[in-house]
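> I'd like to ask you about the structure that follows.
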Amino acid sequence: MLYSVEYQIIQKNYKMKNIQKLIILVIVTFLGFAIISCQEKKEKKNNTEVNIDDLENDFSSGKLIYEQQCMVCHQKDGNGNVVFPSLLNAKLLKDKEATVKQIKFGFENMPPFPDLSNQQIADLINYISNSWGNSFGKISAKEVENALK
Ligand code: HEC
């Protein structure tokens with residue numbers, strides 16, 4: 001009888017300890033996940049921040065295309081000459097869709113550039129829209145695609 005009571009107490013203690021262990025394990029696991037997901041979020045945030053910065057300051061791809069395809073007429077500083085119009089504060093640039101179409105299909109004495117990809121056209125427009133004092137905002141490759149539909 002005495003033995004059985006003792007045994008029960010010991011067993012109860014043992015169970016309690018097990019439950020305590022289990023609770024601690026659950027808490028530790030939960031905290032672990034919480035910390036990991038916090039860090040992932042932080043990393044993600046940092047990544048997007050870096051990407052947006054790159055996008056805002058990097059017009060090098062558009063600049064290169066401009067120098068290869070457009071500079072011969074519109075000149076290095078975008079100022080044009082007696083024959084070809086200046087792109088400084090150019091009216092067309094206010095209308096992104098019309099600009100996309102003019103580059104892709106040409107207009108009057110300006111030749112078409114059918115081989116440029118949507119991304120190249122976007123890069124190009126972003127460069128000329130934000131150079132030489134121009135400030136006409138930006139366009140994405142997806143918006144170029146839509147303009148050409
Ligand atoms: C062979 C010469 C030539 C080349 C190369 C050329 N353009 Fe043009 N561009 C013109 C002429 C001419 C016009 C005026 C067209 C018109 O409205 O009659 C013009 C007009 C423009 C305008 C409108 C200017 C305004 O006053 O609103 C933009 C923007 C423009 N070009 C961008 C480009 C871009 C970007 C490229 C390179 C992909 C390019 N052009 C290549 C000759 C050229």
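> For the chain, report the % of Cα-Cα distances exceeding 21 Å.
Here the long-distance tail beyond 21 Å is 60 percent of all Cα pairs in the chain.
> What number comes out for the charge environment of Gln119, summing +1 per Lys or Arg and -1 per Asp or Glu over other residues with Cβ under 14 Å away?
With Lys, Arg at +1 and Asp, Glu at -1, the neighbours total -2.
> Run the helix sum for the chain: -39,500 (n - 2.57) per DSSP H stretch of 4+ residues, divided by residue count, reported at 222 nm to the nearest 500 deg cm²/dmol.
It lands at -21000 deg cm²/dmol.
> Could you put Glu67, Glu108 in order, starting from the residue whose Cβ has the fewest other Cβ atoms within 10 Å?
Ascending number of Cβ neighbours within 10 Å: Glu108, Glu67.
> Pairs Lys76/Lys138; Lys96/Lys142; Lys101/Lys149; Lys104/Lys142; Lys76/Lys104: which are spaced more than 19 Å apart, C-alpha to C-alpha?
As for pairs spanning more than 19 Å Cα to Cα, those are Lys76/Lys138; Lys76/Lys104.
Just so you know, all these numbers are worked out from the coordinates, no wet-lab data involved. None of the values given here were measured: they were computed from a predicted structure. Reconstructed Cβ throughout: ideal geometry from the backbone, glycine too, with neighbour counts over all protein chains shown.
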